[in-house]
Amino acid sequence: MLKGFRDFILRGNVIDLAVAVVIGAAFTAVVTAIVDGFITPLIAATTPTGSIAEAVFSIGNWHIAWGMILAALIKFVSIAAVVYFVMVVPMNKFKEIQAAKAGVTEEEATLSETDLLIQIRDLLTEQKKA
């Protein structure tokens, strides 16, 4: 029983996932700091109160805090943009460079599962003949 647990923990994908969670938590702090310290104040500078979240629409005793909703949407889009431009774009460029160094063409990189299975079948057939 303990051997099975040890094998599970030492499996590569479990360790990779744990590292990804830790790195993700650390990266969240960086992205939040960029959005809260730079992007949100820039947008807030365009409002008369200096804060989008304080914008309220009132009808009698009802107060609709549409500014909070708008602020949350802006924060979401800002975080998505920072993640895309800081992580996704550079990582895609890095993968392109690595693929070019390895001599992998785009056609080879985009083979479907069916094409890969056909290649595996053909290789196995060749090995049986030999």
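The values are calculated or read from the model by the stated rules, or taken from the named source; none is laboratory data. What you see is a predicted model; the values in this text were computed from it and never measured. Counting neighbours? That spans all protein chains shown, and the Cβs are built from the backbone with ideal geometry, glycine included.
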Hits in the stretch 24-36 (condition: within 13 Å of LYS75 (Cβ to Cβ) and either at pLDDT below 85 or of a type in the set (Asp, Glu) (or both))
THR28, VAL31, THR32, ILE34, VAL35, ASP36
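Looking at the structure I just gave you, is ALA71 small (Gly, Ala, Ser) and touching a Ser or Thr at 6+ places or on another chain (Cβ under 6 Å)?
Details: small (Gly, Ala, Ser): yes; touching a Ser or Thr at 6+ places or on another chain (Cβ under 6 Å): no.
So ALA71 does not fit the description; no.
Being touching a helix residue (DSSP H, G or I) at 6+ places or on another chain (Cβ under 6 Å), over 16 Å from THR28 (Cβ atoms) and surrounded by fewer than 11 Cβ atoms within 10 Å (Cβ to Cβ) is the requirement here; does GLY50 meet it? Lay out the reasoning, then the answer.
Working: touching a helix residue (DSSP H, G or I) at 6+ places or on another chain (Cβ under 6 Å): yes; over 16 Å from THR28 (Cβ atoms): yes; surrounded by fewer than 11 Cβ atoms within 10 Å (Cβ to Cβ): yes.
Against the criterion (touching a helix residue (DSSP H, G or I) at 6+ places or on another chain (Cβ under 6 Å), over 16 Å from THR28 (Cβ atoms) and surrounded by fewer than 11 Cβ atoms within 10 Å (Cβ to Cβ)), GLY50 qualifies.
Looking at the structure I just gave you, is LEU117 surrounded by 10 or more Cβ atoms within 10 Å (Cβ to Cβ), of a type in the set (A, V, I, L, M, F, W, C) and either under 30 Å from VAL35 (Cα atoms) or over 27 Å from the mean Cα position of the chain (by Cα) (or both)?
On the way: surrounded by 10 or more Cβ atoms within 10 Å (Cβ to Cβ): yes; of a type in the set (A, V, I, L, M, F, W, C): yes; either under 30 Å from VAL35 (Cα atoms) or over 27 Å from the mean Cα position of the chain (by Cα) (or both): yes.
Yes.
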Hey, among LYS75, LYS95, LYS101, which residue is among the basic types (Lys, Arg) and within 22 Å of GLY37 (Cα to Cα)?
LYS75
